[in-house]
Amino acid sequence: MTLARRLIDAIVLLAKIGAGLAFAVLMGAVLIQVVGRLTGSSPVWSEELTRYALLYMIAFGAGVAFRTGDLVNVDVISESLPAPFPWILRLLGALATAGLALYLLPHAWKFVAIGKMQTAPALGIRMTYVHLTVWLVLVGLALFAVLRVIGMLTGTDDGKPHRPEEE
């Protein structure tokens, strides 16, 4: 296994772990909400934590979803075209995704910086940590789109989604 393949696998694993942890926090917060409502005293912060966990789950999962093809993709027409055109369209799509995400990164960082002046009403944390999710989504999309472009240009990837093997 090459160093590049191990690095990509490590990045994918890190993103999956991040999404999984965020999902675990989301489930815990919702459970606390439900139990609290049944007992008559639901903590105020549980709903806010649920929203923030959902944002982090999306932030970590967006890049992996791009890689696996789980994002919305209408390829009925492009994949039915003759030989070189589907590959070219997949390359253009990855380039456009990477370009847009990279362009938006500095602007998203300004949005993150705005959070220094704000705190979450119930949890009392700085909103920087919540706004960071927007930046993380863009980093994930840019990273996995650039990896797809590099793979396509080097001939190690055809640009089709990398679906995990069915168990």
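Round to the nearest 0.05 the FRET efficiency obtained for Lys160 and Ile17 when R0 = 25 Å and r is the Cβ-Cβ distance.
Given R0 = 25 Å and the Cβ-Cβ separation, E is 0.50.
Give the residue list of chymotrypsin sites (Phe, Trp or Tyr not before Pro) in segment 1-109 that are DSSP loop and have at most 15 other beta-carbon atoms within 10 angstrom.
none
Can you tell me the orientation of helix 3-39 relative to the chain, as the angle in degrees between its alpha-carbon axis and the longest Cα principal axis, to the nearest 10?
Rounded to the nearest ten degrees, it is 30.
Accessible area of Ile114, 1.4 Å probe, to the nearest 10 Å²?
70 Å²
Please give the helix 45-68 orientation as an angle from the longest Cα principal axis of the chain, in degrees from 0 to 90, rounded to the nearest 10.
In the chain, helix 45-68 runs at an angle near 10 degrees to the longest axis.
What FRET efficiency would be calculated for the residue pair Glu79, Ala24, taking the C-beta separation as r and a Förster radius of 22 Å, to the nearest 0.05?
FRET efficiency, Glu79 to Ala24: 0.05.
Under a straight-distance cross-link criterion of Cα-Cα below 15 Å, which aspartates and glutamates are reachable from Lys160, leaving out those fewer than 8 residues away in the same chain?
Within the straight-line cut-off, Lys160 pairs with Asp70, Asp75, Glu79.
Quick one: angle between helix 128-154 and the longest Cα principal axis of the chain, in degrees between 0 and 90, rounded to 10, please.
So the inclination is approximately 10 degrees.
Using a 1.4 angstrom probe on the protein heavy atoms only, could you order Met117, Met57 from most to least accessible area?
My answer, sorted largest first, is Met117, Met57.
The values are calculated or read from the model by the stated rules, or taken from the named source; none is laboratory data. Note that this is a predicted model, so its numbers are computed, not measured. Because the Cβ atoms are built from the backbone with ideal geometry, glycine has one as well, and the counts that use them run over all protein chains shown. For accessibility, only protein heavy atoms count, side chains too; no ligands or nucleic acids. Shrake-Rupley method; radii C 1.70, N 1.55, O 1.52, S 1.80 Å.
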